[in-house]
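As structure tokens, the structure follows; a few thoughts come after it.
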Amino acid sequence: MSDLASHIAARIGAKNVISDAEQLKPHLNEWRGRYSGRTPFAAYPGTTEEVADIVKLCVAAGAKITPQGGNTGLVGAQIPDGEVLISLRRMNRIREIDAANDSLIAEAGVVLSNVQNAAAESNRLFPLSLAAEHSATIGGLVSTNAGGVHVLRYGMMRDLVLGIEAVLPDGRTFSGLKGLRKDNTGYDLKQLFIGAEGTLGIVTAACLKLYPQPAAREVALLAVPSADHALALLHRMKAATGAVSAFEVMNRLSVEVTVKNVPAVRDPLGGAGALAVLVEFEAAHADGLRNAIESALTAAIEAGEAETALIAENAGQARVFWALRESISAGHKPEGAQVSHDISVPVSATPSFLARANAAMEKRCPDVRIVAFGHMGDGNFHYTVMQPEGADPAAFPGPDLTQLVYETATALGGSISAEHGIGVARRGDLARFKDRESLTLMRAVKRAIDPSNVMNPRVLFE
Ligand SMILES: Cc1cc2nc3c(=O)[nH]c(=O)nc-3n(C[C@H](O)[C@H](O)[C@H](O)COP(=O)(O)OP(=O)(O)OC[C@H]3O[C@@H](n4cnc5c(N)ncnc54)[C@H](O)[C@@H]3O)c2cc1C
């Protein structure tokens, strides 16, 4: 390994190869402390050619590779366990903005908020938005097919990528960095790298779709009596305004523990509603948007779909509404033993999922506490099951509860991972819950592109 490190250092410069334990620490520990790893060294290439040469040198030395971006992934896939770590952080240039094509080419190490800012400077919008946007990189977001709060209107990363450049596991470069919206020339190969979690190659750049900047944005927070009412409300607001860009749901307990545990977060609804629902709207014209929202909310209250509705009067109030939603992950962490899930079901099945999963949890572990929140407009819940208050954490049947959550989601045609991915955390669950033919095809793709299992060898598959 020290020979390999020296050869790589000779190619990319000694200062760009690190083996000092202190300097490696931030790469080897996940921010929540759930995963820690080891690596002989980390290499920081600055160009696609350097990435390709590093990969060739690793292959020649029989070394395996873990690509890493911002280290914000939630399923442990970016933490090496003996593999060479290739950090893309130095590849942080925006290569091109083609505003007339509504596209932007960013290198893999560009942080998401920098892409958003660059798009805004060209009077365009890059709509991907999530709480890790000041750390997560384009390479990581592509490789996890990230979602976030605006999927309802703009889709996931998969829908926002026009082209990809990637270094393959043998060091060749896939040059698919086109800015085309239409290209029917056989298999859409770029899609293979999106959501592959670094198992098929190293993404070095992506051509991303841009949109017009919305001229008007409004945010409403509603107290809603049930998930069935929330579903009716979603469709009412979509039909009445044509402008819904986010539809986020928080169950009452999720709001209560967040207000209790996160300083400065408050509940503007004052405790009303079995569910708090945050709806964001975007439109090209301010004219008429506010009126359309107010009329639709009045009708929703008359129909019993909402008990109370608040519309943010200014950007500060909108931030207060969003702060509640964005603090929920932190809000339930101090509440003892818990298991978290990131499931999706068809949007129409969201009320059934909550009813069935809640009943299954209560049956297996009476008095269990459930925090259910997330992107209901996409059929996606972050569903955390917490130990009964005051109970012995050691007696908490977490694995059994996870099994029941996944059985409930898949029985409704859902998925065990809506947006966070499989990584090393959910490999066993993927083997259990993904259908046999899909798994066989996935393994065939991996073997075809990475026959020696060089790239992220412990990820996705057991
Ligand atoms: C607070 C917080 C909120 C979040 N909210 C959301 C959310 O709302 N929606 C959502 O979808 N996700 C969310 N996430 C997870 C988010 O998707 C990931 O954090 C992000 O996509 C990973 O980007 P990263 O640069 O940090 O990649 P890393 O964490 O470094 O890596 C993630 C994966 O991508 C691979 N990888 C990284 N770079 C490359 C590359 N250049 N080429 C090939 N493979 C690569 C890694 O090997 C690993 O498999 C959240 C995370 C946090 C911490």
The correct count of residues that are away from the ligand (no atom under 13 Å from the Cβ) and assigned to a loop (DSSP other than H, G, I, E, B) in the stretch 49-70 is 2
Filter the stretch 175-227 for residues that are small (G, A, S) and more than 16 Å from the ligand (Cβ to nearest atom); the one that is farthest from the chain's Cα centre (by Cα) is G186
*Go through the residues of the stretch 125-145 one by one and say whether even a single one is over 30 Å from K64 (Cα atoms), of a type in the set (G, A, S) and within 12 Å of the ligand (Cβ to nearest atom).*
yes
P366 passes all but one of the listed conditions (1) at pLDDT 95 or above; (2) crowded, with 18+ Cβ neighbours inside 10 Å; (3) out of contact with any strand residue (DSSP E or B) (no Cβ under 6 Å at 6 or more places or on another chain); the exception is number (2)
Just one listed residue, out of A303, A337, is farther than 24 Å from V151 by Cα, of a type outside the set (F, W, Y) and within 24 Å of the chain's Cα centre (by Cα), and it is A337
Of the residues in the stretch 171-210, those that are touching a Phe, Trp or Tyr at 6+ places or on another chain (Cβ under 7 Å) and at positive phi number 1
On the given criteria, is L152 in contact (Cβ under 8 Å) with a residue 60 or more places away in the chain, within 14 Å of the ligand (Cβ to nearest atom) and in contact with a helix residue (DSSP H, G or I) (Cβ under 6 Å, 6 or more places away or on another chain)? yes
Cβ pairs under 9 Å, 6+ apart or interchain, first in the stretch 418-432 and among the basic types (K, R), second within 7 Å of the ligand (Cβ to nearest atom), ordered by first then second residue, are R426/H420; R427/V459
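Quick grid of which residues meet (1) crowded, with 24+ Cβ neighbours inside 10 Å; (2) within 23 Å of the chain's Cα centre (by Cα); (3) not in a loop (DSSP other than H, G, I, E, B):
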{"residue": "T72", "(1), (2), (3)": "no, yes, no"}
{"residue": "I79", "(1), (2), (3)": "yes, yes, no"}
{"residue": "R89", "(1), (2), (3)": "no, yes, no"}
{"residue": "E96", "(1), (2), (3)": "no, no, yes"}
{"residue": "A100", "(1), (2), (3)": "no, no, yes"}
{"residue": "N117", "(1), (2), (3)": "no, yes, yes"}
>> Residues that are of a type in the set (K, R), under 20 Å from T144 (Cα atoms) and surrounded by 21 or more Cβ atoms within 10 Å (Cβ to Cβ): does the stretch 424-433 have at least one?
In response: yes
Within the stretch 34-48, the residues that are within 13 Å of the ligand (Cβ to nearest atom) and either modelled with pLDDT under 95 or in a helix (DSSP H, G or I) (or both) are R34, Y35, T48
#### Entry: Test: L430 is assigned to a helix (DSSP H, G or I), within 30 Å of A230 (Cβ to Cβ), modelled with pLDDT of 95 or more and within 15 Å of the ligand (Cβ to nearest atom)
yes
What about D98, is it of a type outside the set (S, T, Y) and within 14 Å of the ligand (Cβ to nearest atom)?
no
query: Scanning for something surrounded by fewer than 21 Cβ atoms within 10 Å (Cβ to Cβ), of a type in the set (F, W, Y) and assigned to a helix (DSSP H, G or I), does the stretch 395-405 turn up at least one residue?
result: no
Of (1) outside the structural domain of G13 (by TED's automatic domain parsing); (2) in contact with a His (Cβ under 8 Å, 6 or more places away or on another chain); (3) within 12 Å of the ligand (Cβ to nearest atom); (4) touching a residue at least 60 places away in the same chain (Cβ under 8 Å), A108 satisfies every one except (2)
Within the stretch 229-246, does at least one residue satisfy the condition of being within 15 Å of the ligand (Cβ to nearest atom) and either modelled with pLDDT of 95 or more or of a type outside the set (K, R) (or both)? yes
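The values are calculated or read from the model by the stated rules, or taken from the named source; none is laboratory data. In this text the structure is predicted, and so the values were computed from the model without any measurement. Neighbour counts run over all protein chains shown; Cβ positions are idealised from the backbone, glycine included.
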